[in-house]
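The block underneath contains the structure these notes are about, expressed in structure tokens.
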Amino acid sequence: MNQAFIEHVDSLSEQKVELCYHCHKCTAGCPVADEMEYGPDYLLQLIQFGEMESVLTSGDIWLCASCETCGTRCPNEINIAEVMDALRIMSVRGGYKNPETASPIFHSLFLSMVNLFGRLHEISLLMLLKFKTMNLLADMDSGMLMFIKGKVPIIPHRVKGIKEVQRIIKETEERRR
């Protein structure tokens, strides 16, 4: 068992994954569990077993929607969304190859957009994602339909409290180092 890995996950996520006794309530409520290889419960078990490679290369950590349904349902109050976020950080920092190749790129671009504008600007995110993944034509029909219907603004709008949003992001990044 890789105790250092477990301690690192606990420290970075500020959660105690070893408290999980696998009641499966998290997975039962997870809206994306059907798309996951393991699901939240089994992923926590892999962490408890110290299976660092399996966890950090799992597409599950990138499929997590961070909706916090799992944490709300957890009888031990483990915020699994925080654990998933910590695992994404560890995966990127460790240079792990991930089967969800576009997800880490999306994650990074999303956070950059929020840091820049204080909110998401969908067109900028989508264009950057398309160029970074070289998946230029996929979803073009639905994207054009959303654009025509005026569902996505062309010009990005910054929130009034942009400095506060940037401060929060900076403090969170520093805390997670």
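Of the residues making up segment 140-165, those that are surrounded by 10 or more Cβ atoms within 10 Å (Cβ to Cβ), among the hydrophobic types (A, V, I, L, M, F, W, C) and free of Cβ contacts under 8 Å to residues at least 40 places away in the same chain are M140, M144, L145, M146, F147, V152. When S58, S54, S66 are checked against the criterion of being within 18 Å of the chain's Cα centre (by Cα) and closer than 30 Å to E164 by Cβ, a single residue qualifies: S66.
Would you confirm, using the coordinates I've provided, whether I78 is more than 10 Å from the chain's Cα centre (by Cα) and crowded, with 17+ Cβ neighbours inside 10 Å?
Details: more than 10 Å from the chain's Cα centre (by Cα): yes; crowded, with 17+ Cβ neighbours inside 10 Å: yes.
The answer is yes for I78.
Checking each residue of segment 38-46 against the condition of being closer than 19 Å to T133 by Cα, of a type in the set (G, A, S) and in contact with a helix residue (DSSP H, G or I) (Cβ under 8 Å, 6 or more places away or on another chain) gives no match. Test L111 against the stated conditions and say whether it is within 30 Å of S58 (Cβ to Cβ), under 18 Å from the mean Cα position of the chain (by Cα), open to solvent by 60 Å² or more (accessible area, probe 1.4 Å) and of a type in the set (A, V, I, L, M, F, W, C). The answer is yes for L111. The residue that is farthest from L56 (Cα to Cα), counting only those in segment 9-36 that are of a type in the set (S, T, Y) and under 17 Å from the mean Cα position of the chain (by Cα), is T27. Quick check on my filter: what residues within segment 56-75 are surrounded by 18 or more Cβ atoms within 10 Å (Cβ to Cβ) and among the acidic types (D, E)? Scanning segment 56-75 gives a single hit, D60.
With the structure loaded, tell me whether S66 is outside any helix (DSSP H, G or I), closer than 22 Å to L111 by Cβ and touching a Phe, Trp or Tyr at 6+ places or on another chain (Cβ under 7 Å) or whether it fails that test.
Working: outside any helix (DSSP H, G or I): yes; closer than 22 Å to L111 by Cβ: yes; touching a Phe, Trp or Tyr at 6+ places or on another chain (Cβ under 7 Å): no.
No: the conditions fail for S66.
Of the residues D34, D41, only one is among the charged types (D, E, K, R), open to solvent by 60 Å² or more (accessible area, probe 1.4 Å), out of contact with any Lys or Arg (no Cβ under 7 Å at 6 or more places or on another chain) and part of a helix (DSSP H, G or I); which? Before the answer, list the steps.
Working: D41 fails: open to solvent by 60 Å² or more (accessible area, probe 1.4 Å).
On inspection, the qualifying residue turns out to be D34.
Within segment 44-65, residues that are at positive phi sit with their Cβ atoms under 9 Å from residues that are among the hydrophobic types (A, V, I, L, M, F, W, C) and open to solvent by 30 Å² or more (accessible area, probe 1.4 Å), at 6+ positions apart or across chains, in these pairs: G50/M1; G50/A4. Of all residues in segment 166-177, exactly one satisfies the criterion of being at pLDDT 85 or above and either open to solvent by less than 80 Å² (accessible area, probe 1.4 Å) or small (G, A, S) (or both), namely Q166. E53 falls short on exactly one of the conditions (1) open to solvent by less than 20 Å² (accessible area, probe 1.4 Å); (2) assigned to a helix (DSSP H, G or I); (3) modelled with pLDDT under 95, and that condition is (1).
Selection of segment 121-139 for residues being of a type in the set (A, V, I, L, M) and either in contact (Cβ under 8 Å) with a residue 60 or more places away in the chain or surrounded by 14 or more Cβ atoms within 10 Å (Cβ to Cβ) (or both) yields I123, L125, L126, M127, L128, L129.
The values are calculated or read from the model by the stated rules, or taken from the named source; none is laboratory data. Remember, it's a predicted structure, so these values are computed and weren't measured experimentally. All Cβ positions, even for glycine, are placed from backbone atoms using ideal geometry, and neighbour counts span all protein chains on display. Note: accessible area is taken over every heavy atom of the protein model, side chains too, but ligands, DNA and RNA are not part of it. Shrake-Rupley method; radii C 1.70, N 1.55, O 1.52, S 1.80 Å.
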